[in-house]
Amino acid sequence: AILKYQYYESPICLYLAPIKSLCHEKYTEWSRKFSKNLSVSEVTGDSLESGIDTFLNCHIAVGTP
């Protein structure tokens, strides 16, 4: 389903996981997998992986509720 978003003009996908470690696992996996077409950002309750600008311009946001 995520791969379908790459064909949209401004793709945005939000993936929520119940725990921070699962977010980090998905962030690592998807950063490698989608690196050619889509950018991935990790957002958890205590940290923003690489700054607010990266989060606002990413295609896939992985985070906790």
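The values are calculated or read from the model by the stated rules, or taken from the named source; none is laboratory data. All of these numbers come straight from a predicted model, not from anything done at the bench. A quick note on method: Cβ atoms are made from the backbone with ideal geometry, for glycine too, and the neighbour counts reach across all protein chains shown. Accessible surface is based on the protein model in full, side chains and every heavy atom, while ligands, DNA and RNA are left aside. Shrake-Rupley method; radii C 1.70, N 1.55, O 1.52, S 1.80 Å.
So, in the range 1-36, of the ones that are within 23 Å of residue 65 (Cα to Cα) and among the acidic types (Asp, Glu), which residue ends up most open to solvent (accessible area, probe 1.4 Å)? Filtering first and then ranking leaves 25. Return yes when residue 15 is hydroxyl-bearing (Ser, Thr, Tyr), modelled with pLDDT of 90 or more and touching a Lys or Arg at 6+ places or on another chain (Cβ under 9 Å) and no when it is not. In short, yes. Just one of the listed residues (4, 26) is at pLDDT 90 or above and of a type in the set (Lys, Arg), and it is 26.
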